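Asks: Below you'll find the structure I mean.
The values are calculated or read from the model by the stated rules, or taken from the named source; none is laboratory data. Since the model is a prediction, treat every value here as computed from it, not as a measurement. Every residue, glycine among them, receives a Cβ derived from its backbone with ideal geometry; neighbour counts consider all protein chains shown.
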Number of protein chains: 2
Amino acid sequence: MTANPPKTSVQSAAEAAMRADKAVVIGLNAAIVTVSDNEPKILIVPHDEAEDSGGWDALPFGPFNPMQHRTLEIGLRSWVQEQTHLELGYVEQLYTFGDRGRHSLEADTPGEHVVSVGYLALTRGHDEDLQGASWSDWYRHFPWEDWRDGKPAIIDQAILPLLREWVSRQAEATPDELSRGKRRDRMRLCFGVDGVQWDDEKALERYELLYSAGLVQEAARDGRPNALALAGHNVPPLGRPMQFDHRRILATAMSRLRAKIKYRPVAFELMPPAFTLYELQKTVEALLGLHVHKQNFRRLVENAGLVERTGRMSTRTGGRPAEQFRFRREVLNERPAPGLRLAPSRSRANS
Amino acid sequence: MTANPPKTSVQSAAEAAMRADKAVVIGLNAAIVTVSDNEPKILIVPHDEAEDSGGWDALPFGPFNPMQHRTLEIGLRSWVQEQTHLELGYVEQLYTFGDRGRHSLEADTPGEHVVSVGYLALTRGHDEDLQGASWSDWYRHFPWEDWRDGKPAIIDQAILPLLREWVSRQAEATPDELSRGKRRDRMRLCFGVDGVQWDDEKALERYELLYSAGLVQEAARDGRPNALALAGHNVPPLGRPMQFDHRRILATAMSRLRAKIKYRPVAFELMPPAFTLYELQKTVEALLGLHVHKQNFRRLVENAGLVERTGRMSTRTGGRPAEQFRFRREVLNERPAPGLRLAPSRSRANS
DNA sequence: CCTATATATACTCAAAGTGAGTATATCAAG
DNA sequence: CTTGATATACTCACTTTGAGTATATATAGG
């Protein structure tokens, strides 16, 4: 056992090549999520109103210093703690993007390439000392993702007409039936057209679709061809844009969290120590952007052994008081801890 | 819309700090998987027998050059193509590790920190011009992961006794009941002790457990305390070790692939254009390291609309000829394409 | 040709899980 | 003490799932 295992010829060649001009800086970006007042919120750093363009929202981020921190996650926790004083519960790596600014060609300063690693972090903290950062409803950036009050108007009024235009555009450029079908299929699967039903977990795919159709402002910023220039349409802003690839990272966070909540008990990271089942449900619904069936939700949560009664009652106004529960942390050690594998409620009857 | 959105004070500070000594090199590592002869195999680059220690297997890897390639995945595909001439079908990013060599302190050359991005790639190619690389059964590196012939002997004979030792060791160091329970719970959940049942998707967790218990050779290489030095035990090698963190990346690939196969139709990337349902089943079983119920597997695959008949029959020897099927690529456009969500067969009766 | 053997494929059935609803309990306000 | 609101319990049809039995079609050997 040597500390320096021998290298093969292929490896040596590769490593030698590395030392050349391939150095990059790692940017650690965090989508820090909390839920309050039944709305999912993310932490954004303040934008500079003084400059032109109004300034775009940004996720908090910091560089990774390999000399100081052993792992990426340690590095992330360290500067988040430093900058926001927030206590992060759950932290999960999302994805590493090599094209942070998506290569807006003009803006590509040589010798300073940034690769961004996106993280999802959950917190219930509402620490007020956020150093100027603030909580922002994540649906402001993705207005089409919140179906709790029915299908968002922006889909039928803006998104679908624009996407249909984009589909037929390709029909002109490449008139073969196959590739036109591709654009149409992407639209169908993402936004649930003709019989395909809405999938809350496709948040990332939807954003990526809008980006490649040139319908979000980031696409124009990056100089994508035809971005926002659809003939005969005055394209309204589809959600608030963000700096660099931050909205893409946020979309990744949404997709991952919406999926994860269904098979791992992560929702509890967002809850106070004691909560009613309805409060838990409202938190889940906020994240999913969907309603779930109340009675079945109870059954699910209780049968899975995820919670235990506290005996205390909630002193809410309105109706019969609800019992407060707490998360049974032991489930994590009992079995491969399940999540809230729930199907959205189809009837709109049950809240 | 400017190409250079304004930066906030927080951001500017952070970016300035980046330019200092935080440069790293990105290493792209690929776990390239194929299945042949009912065994999952990964591509490894040859190790150098001339040096001491016998030389450890390594995954193929190459540096990311941001000037040359727009995205990480493009960079990966490019050098894999160059080095192996393999045609990669499915490619998926796995994880980004900041501690490639897990900081074996002596070996940490300053100024050349490598962050490794792991990829999973699937191919059915058996291209012979592999430039010296070769296919290697992945269970050679993880002998405890193959349960197709029943529980692997290495678990009861070596792993569990060593882990029990490790559990009781902590009992001495920190005699409080709680943290002893932690080690025990980890062992239970990972290796399916007292009633907990084996979970094929926990491959990464199991490897990480063995690493932190100091039971794999990589732990010794990295200078972990007490690695491989459990009192009174002559620790046999638990699977073939690999260079750097490559076995960790491979374990990540196994976990991800085993999970993914159940909810996305990725298994077909490993199949020839036409195949019998039993061949498909054998491929899946090879990946999972488990048997599935044959009749139910058929029902599942057919009902999900994942395949269509070709009419041709397999000319195999043995019994009634099986019909050949092909993957219905259209499912990808019809609905949120499902996978082979299968449960392992509990009775050992059905093959 | 007949039979043993091996594999492929079809069908059955009970148990568990799921979606959606009805019924009942318990509070506050008027 | 009724109304309205919410909490919680229970029901029921339907689907899915795990596991088995039954039948079909090949080869090999007498």
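Asks: Taking segment A:313-332 as the region of interest, how many residues are crowded, with 16+ Cβ neighbours inside 10 Å and either of a type in the set (A, V, I, L, M, F, W, C) or in a helix (DSSP H, G or I) (or both)?
Replies: Adding up the residues that qualify gives 4.
Asks: Quick check, is B:Glu308 within 14 Å of chain A (Cβ to nearest Cβ), more than 11 Å from DNA strand C (Cβ to nearest atom) and either closer than 20 Å to B:Val33 by Cβ or out of contact with any helix residue (DSSP H, G or I) (no Cβ under 8 Å at 6 or more places or on another chain) (or both)?
Replies: no
Asks: Does segment B:282-316 hold any residues that are closer than 19 Å to B:Pro272 by Cα, polar (S, T, N, Q) and within 15 Å of DNA strand D (Cβ to nearest atom), and which are they?
Replies: Once the filter is applied, which keeps residues that are closer than 19 Å to B:Pro272 by Cα, polar (S, T, N, Q) and within 15 Å of DNA strand D (Cβ to nearest atom), segment B:282-316 yields B:Ser314, B:Thr315.
Asks: What residue, among those in segment A:259-281 that are within 12 Å of DNA strand D (Cβ to nearest atom) and part of a helix (DSSP H, G or I), is nearest to A:Pro152 (Cα to Cα)?
Replies: Step by step, filter segment A:259-281, then rank; the result is A:Gln281.
Asks: Take A:Leu72 and tell me if it is modelled with pLDDT of 85 or more, within 11 Å of chain B (Cβ to nearest Cβ) and crowded, with 18+ Cβ neighbours inside 10 Å.
Replies: So A:Leu72 passes the test.
Asks: Go through segment A:168-194 and give me each residue that's at pLDDT 75 or above, surrounded by fewer than 19 Cβ atoms within 10 Å (Cβ to Cβ) and assigned to a helix (DSSP H, G or I).
Replies: Hits for segment A:168-194 are A:Ser168, A:Arg169, A:Gly181, A:Lys182, A:Asp185.
Asks: May I pose another question? Keeping to segment B:55-74, report how many residues are touching a Gly at 6+ places or on another chain (Cβ under 7 Å) and under 22 Å from B:Gln243 (Cβ atoms).
Replies: Final tally of qualifying residues: 5.
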